[in-house]
Structures are given as structure tokens and as C-alpha cells.
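Right, one structure below, let's go through it.
We did not get these values from a lab; they are worked out from the coordinates using the rules stated. Source: prediction; values computed, not measured. Note that we place each Cβ from the backbone using ideal geometry, even for glycine, and neighbour counts take in every protein chain shown.
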Amino acid sequence: MHPMLNIAVRAARNAGKILLRASEDLSKVEVQQKGTNDLVTNIDKEAEAVIRDTILQSFPAHSIVGEELGEHVGKDADYQWIVDPIDGTTNFIKGLPHYAISIALKVKGRLDQAVIYDPIRGELFTASRGQGAQLNSKRLRVSKTTVLSGTVLATGFPYKNKHHIDAYTEAFKALFVHTADIRRAGSSALDMAYVAAGRVDGFFEIGLKPWHSAAGELMVKEAGGMVVDFAGGNNYNHSGNIICGSPKLTQAIIREIRPVLTEALLR
């Protein structure tokens with residue numbers, strides 16, 4: 001295992017212990033609203049602090065961008081960690097056992113290492129650039145499905161971008177009529193990890209932030225998949241609009257939804 005991936009795994013496991021301990025008595029979890037339909041808990045912050053401390057103990061010059069604690073600017077700008085301490089905070093708060101810790105590392109602007117850790121199931125998804133993706137050390141590959149017929153897709157509702165609900169609904173309908181089913185489970189990081197593992201065939205969502213998708217992006221690509229924006233380009237890090245799956249299936253998703261999307265979603 002790459003030494004920096006090894007530290008990312010250690011950080012994720014350390015944070016996982018905090019989440020598991022807190023999940024035993026959710027009445028003690030302090031919940032705050034940081035924006036419309038956007039919740040944060042003291043556990044998010046505690047877990048992110050542990051991740052940050054674990055990384056900086058080994059790499060004190062590195063930079064870190066986290067969902068809850070903001071940006072730590074290190075002396076070495078070539079190394080930037082991107083952290084979401086609980087991807088699926090609403091699930092966590094409600095006691096729904098489906099959430100994950102997401103950690104990615106960019107080296108000179110390119111995704112290099114990724115960890116998505118599901119502490120409930122003990123599933124550790126990892127990826128290193130050029131070395132493939134693994135689940136608990138077993139190699140992952142995206143689904144071989146090339147057409148929408150019979151597929152199971154994952155998605156996320158635009159709960160923070162409800163002004164896009166009409167376009168999203170039209171896109172959902174355009175896809176749903178061709179698929180076996182579409183799932184919405186509440187953690188985009190796990191959705192993308194599941195695409196990499198072939199558990200779902202593809203995924204699409206509006207308005208993700210880099211800490212939601214960075215680790216999943218590398219995971220999918222290293223498992224042989226494709227990650228694009230709604231227009232089929234590479235602007236997803238800015239727009240937050242993501243489609244992923246096998247290359248041919250990703251193109252099939254684009255063909256179905258592009259005609260029903262607004263100009264704002266195709267940028």
C-alpha cells in the first residue's frame with residue numbers, strides 16, 4: 001500500500017471509531033443547521049479533527065480542505081487532502097446505518113489516493129492512481145453493462161438545489177423508463193464506491209462538492225469507469241453535476257437526460 005494511502009486508511013479508521021461510538025447513543029449528538037437542508041453535528045467536527053491530526057502527524061506540510069473545518073494551508077501546496085468526515089450526515093443523525101468517511105489526496109492538482117470507509121459494514125474502499133481500486137484488498141471493476149435496459153442506477157435528490165427539481169424530475173423519468181430501478185440511499189461517496197464495485201451500474205447527482213465526490217471519482221476511474229458532467233465534459237468539479245459508470249453506460253445516460261436538462265445544468 002502506498003504510504004500516503006496507508007495514512008489515509010489510518011485516518012479513516014480513527015474517525016470511524018468516533019462515528020461508531022457516537023451511533024450507540026444518538027441522543028447525545030448535537031445537531032446544528034449550517035444552511036438550508038444542510039446539517040452538521042459535533043461528531044462531524046470531531047471526526048474531521050481526528051482525520052486532520054492523523055494526516056498532519058505524518059505530513060505536517062500538507063494542505064487539507066474539509067467540509068466542516070475549512071482549509072488548512074500547509075507549506076507544501078503540491079499536496080492537498082480533501083475530507084468529508086461523514087458523507088451521509090442526515091442518515092447518521094437518523095440512525096440509518098448508511099454513511100461513510102471520504103478522504104482523497106491530490107498531488108499537483110491530480111487525484112492520487114482515495115479512501116471511502118463504511119464503519120458500519122467494515123468496508124474499506126481504496127484507490128491509488130494507476131494501481132486500481134480495491135474493497136478490503138479485493139480488486140474492483142465497474143459493471144460491464146453498456147445499455148440502460150436492466151440496470152440499477154444510484155442517484156441523489158437535489159435537496160440543497162430545489163430550484164432544479166423540475167429538470168431533475170424530467171431526467172429521472174427519462175432514465176427510469178429504461179432501467180430496472182433507481183436507488184437513493186443518502187451517501188454520494190458510497191454511491192460512487194458502489195459504482196466502482198459494480199453493485200450499481202451508474203450514478204448521477206446535482207450539486208456535489210469536491211469533498212463529496214473526489215475520493216469516489218478516483219475510485220470509479222481506477223475501476224475502469226468514467227466520470228463526467230451532465231454535458232459529457234470535465235466541469236463536474238465546478239458544477240458539482242456528476243454522472244459515472246462504465247464508459248458506454250455513462251454515454252447512454254447522457255443521451256437520455258441531456259435533452260431535458262436546463263442550460264444551467266449543462267454548463
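Determine which member of the set Gly232, Gly207, Gly225, Gly240 is within 20 Å of the chain's Cα centre (by Cα) and buried (at least 23 other Cβ atoms within 10 Å of the Cβ). Give the derivation first.
Numbers: Gly232 fails: buried (at least 23 other Cβ atoms within 10 Å of the Cβ); Gly207 fails: buried (at least 23 other Cβ atoms within 10 Å of the Cβ); Gly240 fails: buried (at least 23 other Cβ atoms within 10 Å of the Cβ).
Exactly one of Gly232, Gly207, Gly225, Gly240 is within 20 Å of the chain's Cα centre (by Cα) and buried (at least 23 other Cβ atoms within 10 Å of the Cβ), namely Gly225.
Of the helices (runs of 4 or more DSSP H) lying entirely inside the stretch 198-267, those containing at least 3 residues that are of a type outside the set (Ser, Thr, Tyr) span 210-222, 247-257.
Yes or no, residue by residue, for (1) without any contact (Cβ under 8 Å) to a residue 60 or more places away in the chain; (2) crowded, with 22+ Cβ neighbours inside 10 Å; (3) within 14 Å of the chain's Cα centre (by Cα):
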{"position": "Asp112", "(1), (2), (3)": "no, no, no"}
{"position": "Ile116", "(1), (2), (3)": "no, yes, yes"}
{"position": "Arg129", "(1), (2), (3)": "no, no, no"}
{"position": "Gly132", "(1), (2), (3)": "no, no, no"}
{"position": "Ser137", "(1), (2), (3)": "yes, no, no"}
{"position": "Arg141", "(1), (2), (3)": "no, no, no"}
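Residues that are touching a helix residue (DSSP H, G or I) at 6+ places or on another chain (Cβ under 6 Å), surrounded by 19 or more Cβ atoms within 10 Å (Cβ to Cβ) and in contact (Cβ under 8 Å) with a residue 12 or more places away in the chain are absent from the stretch 24-41 altogether.
If you go through the stretch 151-201 and keep only what is over 16 Å from Ala252 (Cα atoms), crowded, with 16+ Cβ neighbours inside 10 Å and among the acidic types (Asp, Glu), you end up with just Asp191.
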